[in-house]
Amino acid sequence: VQLQASGGGLVQAGGSLRLSCAASGDSFVLNHMGWYRQGPGKQREFVAAMTSGGVPNYAASVKGRFTISRENGKNTVFLEMNSLKSEDTAIYYCNAARIIPRSDYWGQGTQVTVSS
């Protein structure tokens with residue numbers, strides 16, 4: 001499975017960006033798709049994820065500002081990021097997971113920079 005992320009860029013604080021990630025190489029719907037991020041000098045952290053059934057989960061730091069969504073029946077995930085803050089600056093990584101067999105996949109990362 002290959003994950004291709006896009007949509008990062010430079011935005012002013014308070015602005016918005018939309019990230020996209022498409023998985024290829026697997027005909028079955030992946031159980032979980034989501035996003036992690038790694039800021040400068042920080043460890044990679046969970047941002048948001050959604051199950052194949054459409055159940056979202058968010059980190060406390062982005063809840064109410066970010067919205068994750070998936071295309072029905074497809075291995076594509078989006079992250080709508082609003083009210084961006086300088087602390088959201090990071091490389092954002094797309095992640096996908098399958099329960100059976102247990103598998104974990106990562107995209108190449110896309111840079112999001114929020115200027116204050």
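The values are calculated or read from the model by the stated rules, or taken from the named source; none is laboratory data. Fair warning: this is a prediction, and the values are worked out from it, not measured in the lab. Cβ sites come from the backbone with ideal geometry, for glycine too, and all protein chains shown count toward neighbours. The area values use the complete protein model at the heavy-atom level, side chains included, leaving out ligands, DNA and RNA. Shrake-Rupley method; radii C 1.70, N 1.55, O 1.52, S 1.80 Å.
A few remarks follow.
- The residue that is surrounded by the fewest Cβ atoms within 10 Å (Cβ to Cβ), among those in segment 50-96 that are under 16 Å from ARG37 (Cα atoms) and among the small types (Gly, Ala, Ser), is ALA60.
- Of the numbered criteria (1) within 23 Å of SER116 (Cα to Cα); (2) under 14 Å from the mean Cα position of the chain (by Cα); (3) of a type in the set (A, V, I, L, M), the one ALA48 fails is (1).
- Scanning segment 4-33 for residues being on the phi > 0 side of the Ramachandran plot and either in a strand (DSSP E or B) or out of contact with any strand residue (DSSP E or B) (no Cβ under 6 Å at 6 or more places or on another chain) (or both) gives a total of 2.
- In segment 53-116, counting only strands (runs of 3 or more DSSP E) that sit wholly within it, the ones holding 1 or more residues that are over 12 Å from the mean Cα position of the chain (by Cα) and β-branched (Val, Ile, Thr) span 110-115.
- The set of residues in segment 100-113 being of a type outside the set (Ser, Thr, Tyr) and over 10 Å from GLY9 (Cβ atoms) consists of ILE100, PRO101, ARG102, ASP104, TRP106, GLY107, GLN108, GLY109.
- Selected residue (criterion: least open to solvent (accessible area, probe 1.4 Å)) from residues of segment 38-49 that are in a strand (DSSP E or B) and out of contact with any Lys or Arg (no Cβ under 7 Å at 6 or more places or on another chain): ALA48
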